[in-house]
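Input: a single structure, listed below in structure tokens.
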Amino acid sequence: MGITGTLFDIKPFTVHDGPGIRTTVFFKGCPLRCAWCHNPEGLLPSIHLLVRPDRCIGCGECRTACPDQTPTPETSLAPACRVCGACVVACPAEARELVGRTATVDDVMERLLKDRPFYEESGGGVTFSGGEPLAQPDFLLALLSACAKESLHTAVDTSGHAPRAVVADVAARADLVLCDLKHMDPETHRRLTGVPNEGILSNLRYLAGTGTPLAVRIPLVPGITDGEENLNEAGRFLSGLDNPPPVHLLPYHSYQTSKYTLLTLPYPLEGRDIAPARSPVEAAARLESMGLTVNVGG
Ligand code: SF4
Ligand code: SF4
């Protein structure tokens, strides 16, 4: 069967995760807990059940199908849900869904190769994202090698929070690394993401010196990462790297809040005044004035 991994989605025709038209593979599981996370379905490394109460017609088929006969339709899990999927199959209203699936390298490659004509026409390829793809290093490295054998361009979208040895292996096999830079202040970074930023900054310094094409992604979260001090610090840090990488500013969206509702997770920024400190264009101008190449949106 070979190496397997856990994914929560494979999306074709993505255009913000590297050059051209791409297919993005979303790995499940992330060691960070960013307050503004756009993909909360990718946080947990394991497969789990999601229930859409608004679709439930109260038929009780899920309870009958469940080996433990205990799922409550309007919420979600049986007390010891074994994630068997029986209730998902039984539900006539498509109110239940398993989030995530186990896949082999061959499964994923079979899917990716279907989109080869689009990659070839547009100068695109495959992007591995998440979740955090570097949290499943064996699976990621095997996929990068398989893509290289098929001459598919690869990009890896990472938080940068990973052991150096994994970062080095990925940099050696990927055609492009997209690495986040969320906040420069160590304490603020820890508070907003749950992890320190020292290792991420160190990995960015390392990546900039490897010769592997690198782009740095800064999420512009209003009132959190778009402040003057953070942008100035980020600009100083990036312009001081060997081969300063291009910067992609990622505007904030709030569409993910409905995903939190479905997952019965609290949205960490709920109710917060999130007026932006500056527009993405102003933020881009600030970083450009420090000698960086900047684009807004991906
Ligand atoms: S996934 Fe299986 S164990 Fe979990 S609630 Fe549904 S039927 Fe029960
Ligand atoms: S099977 Fe689906 S529609 Fe029926 S009670 Fe369960 S969740 Fe609701």
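The values are calculated or read from the model by the stated rules, or taken from the named source; none is laboratory data. No experiment lies behind these values; they were computed from the predicted model shown. Cβ: placed from backbone, ideal geometry, glycine included. Neighbour counts: every protein chain shown. Each accessible area value is taken on the protein alone, full model and side chains, heavy atoms only, with ligands, DNA and RNA left out. Shrake-Rupley method; radii C 1.70, N 1.55, O 1.52, S 1.80 Å.
Descriptive notes on the structure:
- At q = 0.13 Å⁻¹, base-10 log of I(q)/I(0) for the chain (Debye sum, equal scatterers on each alpha carbon): -0.96
- Only the Cβ atoms of Lys and Arg (+1) and of Asp and Glu (-1) were treated as charged; on that basis the dipole of region 97-155 about its Cα centre amounts to roughly 40 debye.
- Each residue of region 196-208 is assigned a 3J(HN,Hα), and the resulting list reads x, 9, 4, x, 5, 5, 5, 5, 5, 4, 4, 4, 5 Hz, derived from the Karplus form 6.51 cos²θ - 1.76 cosθ + 1.60 (θ = phi - 60°), x at Gly and Pro.
- Spin-label pair GLU228-ALA35: with each label point 7 Å from Cα along the Cα-Cβ axis, the two points sit 2.1 nm from one another.
- q = 0.20 Å⁻¹: log10 I(q)/I(0) that the Debye formula gives for region 1-146, counting C-alpha atoms only: -1.13
- Distances between placed amide hydrogens fall under 5 Å for LEU214 paired with VAL177, all partners being 5 or more residues away or on another chain.
- P(r) of region 31-74 over all Cα-Cα pairs, binned every 5 Å from zero, in whole percent: 5, 17, 20, 15, 16, 13, 10, 4
- Cα long-axis angle, helix 137-149 against the chain (0 to 90 degrees, to the nearest 10): 70
- Residue among ALA283, ILE57, LEU269 farthest towards the positive dipole end of the chain, charges placed on Cβ: ILE57
- Radius 13 Å from Cβ of THR104, net charge of other residues (Lys, Arg +1; Asp, Glu -1): -2
- Computed with every protein chain present, the accessible area of LYS114 is close to 130 Å² [probe 1.4 Å].
- For region 167-174, backbone phi angles converted through the Karplus equation (6.51, -1.76, 1.60; θ = phi - 60°) give residue-by-residue couplings of 4, 5, 5, 5, 4, 6, 10, 7 Hz, Gly and Pro being listed as x.
- Residue-averaged 222 nm ellipticity for the chain, from DSSP H runs of 4+ at -39500 (n - 2.57), nearest 500: -9000 deg cm²/dmol
- Pair ARG164, LYS11: separation of 7 Å Cα→Cβ label points (nm): 3.4
- Equivalent ellipsoid, region 86-187 (semi-axes from 5 times Cα gyration tensor eigenvalues, Å): 27, 22, 14
- With 0.36 nm allotted per residue and the present C-alpha distance subtracted, the PHE118-THR293 stretch has 60.3 nm of extension available.
- Dipole magnitude of the chain about its Cα centre (Cβ charges: Lys, Arg +1; Asp, Glu -1), debye to nearest 20: 340
- Under the criterion of Cα pairs below 8 Å and six or more residues apart, the relative contact order for the chain equals 19 percent.
- For a modelled paramagnetic label at ASN243, 7 Å from Cα along Cα-to-Cβ, the residues of region 184-206 in reach, with backbone nitrogen under 12 Å, are 206.
- Computed magnitude of the charge dipole of region 11-70 (debye, nearest 20; Cβ of K, R +1, Cβ of D, E -1): 120
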